[in-house]
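Trainee: Structure incoming, see below.
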Amino acid sequence: MALGATMGDFHRRYDLLLTPTMPVPAFEAGRDAPVGWPSDLWTSWTPYTYPFNMTQQPALSLPCGLTDDDRPIGLQIVGPRHADSIVLRAGAAYEAATDWHTRTPTLLR
């Protein structure tokens, strides 16, 4: 698969890839897609997550902020195949350096 080969090349130079978890803010439970989104296909609004399932790379999503209306924002950490420990160590280091994982959005309080 071309994407897997491309990501293998990427990880020969870089230990990790950091991306947003989602390109859109969290939306209402029970919906297949965000309100007003042009497609109900989940792959249309998850471009940063599902490719790593196909390339068999470990990925971790962590809280990294809140939108202006207090919805959670996620940071995704992606590692090379079979490097779960690097991803988990990076996630633990991020949590140790920030307090986002301790904050609760208003909706859930």
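Only the coordinates and a few stated rules stand behind these numbers; no lab work does. Keep in mind that what you see is a predicted model, and the values were worked out from it rather than measured. Please note: Cβ atoms are built from the backbone with ideal geometry, for glycine as well, and neighbour counts cover all protein chains shown.
Trainee: Can you give me the number of residues within the range 68-82 that are in contact (Cβ under 8 Å) with a residue 60 or more places away in the chain, assigned to a loop (DSSP other than H, G, I, E, B) and surrounded by 15 or more Cβ atoms within 10 Å (Cβ to Cβ)?
Mentor: Filtering the range 68-82 for residues in contact (Cβ under 8 Å) with a residue 60 or more places away in the chain gives 77-81.
Filter once more, keeping what is assigned to a loop (DSSP other than H, G, I, E, B): 79-81.
This time we only want the ones that are surrounded by 15 or more Cβ atoms within 10 Å (Cβ to Cβ), so: 79-80.
Selection size over the range 68-82: 2.
Trainee: Given the structure, is P20 under 23 Å from T55 (Cβ atoms) and surrounded by 10 or more Cβ atoms within 10 Å (Cβ to Cβ)? Full working, then the answer.
Mentor: On the way: under 23 Å from T55 (Cβ atoms): yes; surrounded by 10 or more Cβ atoms within 10 Å (Cβ to Cβ): yes.
Against the criterion (under 23 Å from T55 (Cβ atoms) and surrounded by 10 or more Cβ atoms within 10 Å (Cβ to Cβ)), P20 qualifies.
Trainee: What are the pairs with Cβ atoms under 6 angstrom where one residue, in the range 28-40, is among the small types (G, A, S) and the other, located anywhere, is surrounded by 10 or more Cβ atoms within 10 Å (Cβ to Cβ)? Sequence gap at least six, or different chains.
Mentor: Going by the 6 Å Cβ cut-off, the qualifying pairs are A33/D40; A33/W45.
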